[in-house]
1. Give just the number: which of (1) touching a Pro at 6+ places or on another chain (Cβ under 9 Å); (2) within 28 Å of residue 427 (Cβ to Cβ); (3) within 13 Å of the ligand (Cβ to nearest atom) does residue 212 not satisfy?
2. Quick check: is even one residue across segment 227-246 within 16 Å of the ligand (Cβ to nearest atom), surrounded by fewer than 24 Cβ atoms within 10 Å (Cβ to Cβ), farther than 21 Å from residue 190 by Cβ and modelled with pLDDT of 95 or more?
3. Which one is nearest to residue 92 (Cα to Cα) among residues in segment 271-304 that are within 16 Å of the ligand (Cβ to nearest atom) and polar (S, T, N, Q)?
4. From the list 280, 315, 255, exactly one residue is free of Cβ contacts under 8 Å to residues at least 60 places away in the same chain, more than 29 Å from residue 342 (Cβ to Cβ) and surrounded by fewer than 24 Cβ atoms within 10 Å (Cβ to Cβ). Which is it?
5. For segment 137-203, which helices (runs of 4 or more DSSP H) that fit wholly inside it have 1 or more residues that are aliphatic (A, V, I, L, M), within 16 Å of the ligand (Cβ to nearest atom) and modelled with pLDDT of 95 or more?
6. Would you check which residues across segment 237-279 are closer than 19 Å to residue 437 by Cα, assigned to a helix (DSSP H, G or I) and aliphatic (A, V, I, L, M) and list them?
7. Has segment 124-136 got any residue that is without any contact (Cβ under 8 Å) to a residue 60 or more places away in the chain, within 16 Å of the ligand (Cβ to nearest atom) and among the β-branched types (Val, Ile, Thr)?
Amino acid sequence: MTVPPSTGGAIIGAMRDLLGDALARSLRYLASAQSRRVSPAPEDVQRLAELGGPLPEGPTNPAQTLALLDDIGSPATVINAGGRFFGFVNGGSLPAAVAADWLASAWDQNAGLVACSPTAAALEEIAIRWIGDLLRLPPGTGGSLVTGASMANFCGLAAARHALLGRQGWNVERDGLFGAPPISVIVGEEVHVSLLKALSLLGFGAERVLRVPCDRQGRMQAAKLPTLSGSSIVCIQAGNVNTGAIDPARAICEAARAKDAWVHVDGAFGLWAAAAPQRAHLAEGVELAQSWATDAHKWLNVPYDCGIVLVRELAHLEAAMSTSASYLAQGVQRNPFRLTPEMSRRARSLPLWAALRSLGRRGVAEMIERCCAHAARFADGLRAAGYTVLNDVVLNQVLVSFGDADTTNAVIAAIQQEGTCWCGGTVWQGHTAMRISVSSWATTDAEVDKSLAAMLRIAAGVTAPRSPRP
Ligand SMILES: Cc1ncc(COP(=O)(O)O)c(C=O)c1O
């Protein structure tokens with residue numbers, strides 16, 4: 001691709017060649033993503049030290065700076081963009097979203113205020129409306145964009161804290177929590193750590209919670225909920241990070257509704273089941289909750305970082321987050337900074353909007369279904385080879401045991417070292433397992449087959465009976 005001739009401006013003069021070079025380097029990187037090992041070689045990681053040394057005393061050439069970054073930095077990256085990274089719950093980045101993200105940097109918008117970026121603010125509102133619609137949430141659901149599901153959990157729970165204490169005449173934003181009426185927080189035994197962190201940041205205490213027993217898939221058992229009241233926050237999960245299981249939302253939300261309790265859904269990735277007609281039944285009932293946290297950088301395949309907090313009544317989020325100062329007064333319009341912990345922030349709405357618009361409703365559903373089908377293909381292949389799949393593969397997560405803990409850990413280490421694909425480990429209800437999370441639009445049947453073949457070859461080598469030492 002050619003860069004248009006310079007218009008003579010100083011900014012264009014400084015950026016033209018540099019951005020052209022960045023484009024060429026990006027394309028080279030992406031083209032190599034299919035063939036490179038997924039985890040970087042140790043010697044490449046060691047070379048990162050070359051990016052350090054003392055801070056240069058004066059300016060250095062930007063083109064050389066970019067070249068150094070790419071030459072040393074790129075070989076030490078994890079190839080998340082190639083479709084064979086199955087660790088954690090990492091999505092890829094859709095083409096339209098990557099391109100829009102570039103524009104976000106070139107435009108350098110401060111998305112915190114409408115005055116600083118009408119475009120970013122408008123796209124944020126549109127994207128949130130589209131997501132509410134896709135996830136089948138109640139009409140009128142509002143929200144905002146944050147760094148990820150951790151922060152979205154924080155914001156949803158801050159809205160809950162505001163609402164529940166406000167009902168009792170306590171203004172928590174003004175008066176804090178010392179002396180406040182008690183709030184009880186209920187979580188499942190398999191709650192994600194990020195939710196506990198949010199609780200600790202909010203002053204609820206990560207351990208001052210009631211834990212509800214879960215079933216063998218990690219779903220909260222609705223029948224074992226404690227007595228609820230208008231001072232209870234029930235935190236449910238749509239998508240257990242190990243199994244992908246979704247809590248029985250309808251039963252829990254109906255029990256909560258009867259007592260006027262607040263339900264918050266940590267749906268970092270699993271909430272997207274609602275956007276795929278064949279999986280939507282798994283998330284049935286989540287729409288009855290009061291707040292939801294999800295990610296776009298996971299299953300929607302938007303570049304890092306992009307999380308979304310959604311609330312049934314936006315006023316609670318706004319009350320929990322807003323600050324004011326005369327220089328910030330912007331009238332009554334929706335101003336993004338009034339809905340998040342940060343003030344200035346990146347225009348995440350651009351890649352988010354572009355991902356949604358480029359996929360459309362059907363494209364989102366197909367991407368979700370495709371990842372689930374890939375997960376099932378992994379599970380079938382592993383079972384057929386005699387390994388134990390520990391979870392019901394209902395979504396995009398697979399847990400496999402290759403034998404005892406030492407053997408499974410040895411297989412995971414060997415897979416990571418070999419480099420065809422990357423999977424992490426976990427301990428699921430006492431069993432050491434390898435996690436396979438299929439969350440990238442770029443994963444194809446061929447990537448699955450290639451990765452599965454590598455897993456089976458490596459596992460056979462590790463688990464084969466060793467000959468006795470002489
Ligand atoms: C269920 C759940 N909640 C929250 C998070 C945290 O998400 P983030 O890393 O985007 O903050 C994760 C991450 O995997 C998750 O699986």
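1. (3) is the only condition that residue 212 fails.
2. Checking segment 227-246: not a single residue is within 16 Å of the ligand (Cβ to nearest atom), surrounded by fewer than 24 Cβ atoms within 10 Å (Cβ to Cβ), farther than 21 Å from residue 190 by Cβ and modelled with pLDDT of 95 or more.
3. Only one residue fits best here, namely 301.
4. Going through 280, 315, 255 in turn, the sole match is 255.
5. Numbers: elements: 149-167, 172-175, 193-201.
Passing ranges, in order: 149-167, 193-201.
6. Those that are closer than 19 Å to residue 437 by Cα, assigned to a helix (DSSP H, G or I) and aliphatic (A, V, I, L, M): 271, 273, 274, 275.
7. Checking segment 124-136: not a single residue is without any contact (Cβ under 8 Å) to a residue 60 or more places away in the chain, within 16 Å of the ligand (Cβ to nearest atom) and among the β-branched types (Val, Ile, Thr).
Let's see how each residue does on (1) surrounded by 16 or more Cβ atoms within 10 Å (Cβ to Cβ); (2) assigned to a loop (DSSP other than H, G, I, E, B); (3) not acidic (Asp, Glu):
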| position | (1), (2), (3) |
| --- | --- |
| 420 | yes, yes, yes |
| 427 | no, no, yes |
| 434 | yes, no, yes |
| 439 | yes, yes, yes |
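The values are calculated or read from the model by the stated rules, or taken from the named source; none is laboratory data. All of these numbers come straight from a predicted model, not from anything done at the bench. Please note: Cβ atoms are built from the backbone with ideal geometry, for glycine as well, and neighbour counts cover all protein chains shown.
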